[in-house]
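Input: a single structure, listed below in structure tokens.
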Amino acid sequence: MPAFTLYGSRGSTNTDRVRLTLAEGGFTDYETVLLNLQKGEQKSEEHKKRHPWGKIPAITSAEGFTMHESRAICKYLAKKYSFPLLPPDSDAEATALFDQAQCVETLYFAEPAGKIAFEKFAKRFMGLPPSDAVLSDALRSVEMFFDIAEGLLSEKEYMAGNDFALVDIYYIPLIRRLFACGYGNVVVSRAAVNAWWNRCVNRPAIARLLAADQEAATVTTATR
Amino acid sequence: MVHIIGNNIATCTQRVLLRLAVLGVTDFTLYSPDVMAGEHKKLPHTAKHPFGLIPVLEDGDFTLYESRAICRYLATKYNGQSKDLIPDCKDLKATALFDQWASVELTDFDAFASELVAQNLFYKWRGLEAIPEVVDLVTKKLSDKLDIFDTLLAKQKYMGGNVFSLIDTFYMPYTEKLFEAGEGELTTSRPNVKAWWDRVTVRATWKLVNVKITG
């Protein structure tokens, strides 16, 4: 029996955060159940027992331990299976700086980037037009974020210090989505950010997973 | 002695002050930058907080920003004095659930509550008009989320489980500000959310920290 089941969906940035973490950790002893969001499977009574807000991802272990929130899941899996992606608990300052970097990612990047992804990507599937006002406001926030990140990444190699860490993985799905929506320039136009980005996505396990996903997406589009 | 840079009427600073109060730590200093004059957007502040925000913690030569990261650092640093619980880092599942509930606060509450408070309160302070479409949208989103919180709080007494914890203190400053912004009904109309709010605000440490703006 696999160690746990990951409930997610195809193309979900939050689910991909967990998948990337597992790929980087070389962990394969799990199964994935893909929910169909357009059919509303994430809002079923059964799924809401795993996630009260009816969202994805969620995991259920073989022993029945259930949790949700992609970043919390990533941290739990990294600790449980000893992926070298977190500072040791005994180092209070390094742990605090990791928490700081995680808050920065969630509040100053993922919040506005998520709005862009919703307007330009998700709304297409719902047959709704994007809101220009929301887009321009969110883009301004993302640009401001990367202006500061450019300075920070000129002094250190990764978002939480000089070692690749879980918090760098957190960025990958939404930055990929920004590229897909035509906003890749926010990364490529900034030298230090661009260098950091290439360091992250050229890591072998991550590169393999992203390439496999790209291929699967092409096949799906071709056969539609 | 830790040094805090922030304003005692600012929600994110209040998170940290509440944490210090709950931990029983009175041995700290507080410097309030002149936010209206933009002091937090310039050097020397931006050398400490590149994003030009408050609060910031300085502990010797260690500098930290992000109120929730500061709260967790303080809870670990003063763990011996803490009367509430932050899970033992060796308890993987308790720590994971703690991270889960901390994430819920950010993505299912703060994202909408902070926007609503900004529109209905902070904008007024700066002499700006709220944007009705934004107010309607975030009010609806926040209402929908609070409906779920109401069912959650029927099963657990506090936001992180059955004991008062750091997680509750993450919610408290903006929940209070919703009242000041004229949106208190979002809390009071939901019986379990209201019961949680009554439970957490009766605590002496909250009364110490809660500073209302007058005038």
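Just to verify a result, which residue in the stretch A:39-70, among those that are touching a residue at least 12 places away in the same chain (Cβ under 8 Å), part of a loop (DSSP other than H, G, I, E, B) and more than 12 Å from chain B (Cβ to nearest Cβ), is least open to solvent (accessible area, probe 1.4 Å)?
Step by step, filter the stretch A:39-70, then rank; the result is A:Ile56.
For the stretch A:97-138, give me the residue count where each residue is over 14 Å from the mean Cα position of the chain (by Cα), touching a residue at least 60 places away in the same chain (Cβ under 8 Å) and more than 13 Å from every other protein chain (Cβ to nearest Cβ).
Summing the residues that are over 14 Å from the mean Cα position of the chain (by Cα), touching a residue at least 60 places away in the same chain (Cβ under 8 Å) and more than 13 Å from every other protein chain (Cβ to nearest Cβ) in the stretch A:97-138 gives 4.
Matching residues to (1) open to solvent by 30 Å² or more (accessible area, probe 1.4 Å); (2) in contact with a His (Cβ under 9 Å, 6 or more places away or on another chain); (3) not polar (S, T, N, Q):
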| residue | (1), (2), (3) |
| --- | --- |
| B:Ser32 | yes, no, no |
| B:Gly38 | no, no, yes |
| B:Ile54 | yes, yes, yes |
| B:Tyr65 | no, yes, yes |
| B:Ala75 | no, no, yes |
| B:Tyr78 | yes, no, yes |
| B:Pro87 | yes, no, yes |
| B:Asp91 | yes, no, yes |
| B:Trp101 | no, no, yes |
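For residues that are more than 20 Å from the chain's Cα centre (by Cα), part of a helix (DSSP H, G or I) and facing chain B (nearest Cβ under 10 Å), tally how many sit in the stretch A:71-94. Explain how you work it out, then say what you get.
Initially, the stretch A:71-94 is screened for residues more than 20 Å from the chain's Cα centre (by Cα), giving A:88-94.
So of that shortlist, the ones also part of a helix (DSSP H, G or I) come out as A:92-94.
Filter once more, so that each one left must be facing chain B (nearest Cβ under 10 Å): A:92-93.
The number of residues fulfilling the criteria is 2.
Residue-by-condition table, conditions (1) within 14 Å of A:Tyr183 (Cβ to Cβ); (2) modelled with pLDDT of 95 or more:
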position: A:Ile116; (1), (2): yes, yes
position: A:Glu119; (1), (2): yes, no
position: A:Ser131; (1), (2): no, no
position: A:Leu135; (1), (2): yes, no
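Quick check on this structure: which one of B:Leu116, B:Leu121, B:Leu97 is within 13 Å of another protein chain (Cβ to nearest Cβ) and surrounded by 14 or more Cβ atoms within 10 Å (Cβ to Cβ)? Don't jump to the end; show me each part of the working.
Working: B:Leu116 fails: within 13 Å of another protein chain (Cβ to nearest Cβ); B:Leu121 fails: within 13 Å of another protein chain (Cβ to nearest Cβ).
Being within 13 Å of another protein chain (Cβ to nearest Cβ) and surrounded by 14 or more Cβ atoms within 10 Å (Cβ to Cβ) holds for just one of B:Leu116, B:Leu121, B:Leu97, which is B:Leu97.
In the stretch B:152-211, which residues are of a type in the set (D, E, K, R) and either open to solvent by 30 Å² or more (accessible area, probe 1.4 Å) or part of a loop (DSSP other than H, G, I, E, B) (or both)? Walk me through it before giving the result.
Step one: list which residues in the stretch B:152-211 are of a type in the set (D, E, K, R), which gives B:155, B:157, B:168, B:176-177, B:180, B:183, B:185, B:190, B:194, B:198-199, B:203, B:207.
B:Lys155, B:Lys157, B:Glu180, B:Glu183, B:Glu185, B:Arg190, B:Lys194, B:Asp198, B:Arg199, B:Arg203, B:Lys207 - these are the residues of the stretch B:152-211 that are of a type in the set (D, E, K, R) and either open to solvent by 30 Å² or more (accessible area, probe 1.4 Å) or part of a loop (DSSP other than H, G, I, E, B) (or both).
Out of A:Asp163, A:Asp147, which single residue is over 23 Å from A:Ala117 (Cβ atoms) and either surrounded by fewer than 17 Cβ atoms within 10 Å (Cβ to Cβ) or hydrophobic (A, V, I, L, M, F, W, C) (or both)?
Numbers: A:Asp147 fails: over 23 Å from A:Ala117 (Cβ atoms).
One residue alone meets the criteria, A:Asp163.
The values are calculated or read from the model by the stated rules, or taken from the named source; none is laboratory data. On a predicted model such as this, the values are computed, not experimentally measured, just so you know. Cβ coordinates were reconstructed from backbone atoms using ideal geometry, including for glycine residues, and neighbour counts include every protein chain displayed. Areas reflect the complete protein model, heavy atoms only, side chains present, ligands, DNA and RNA absent. Shrake-Rupley method; radii C 1.70, N 1.55, O 1.52, S 1.80 Å.
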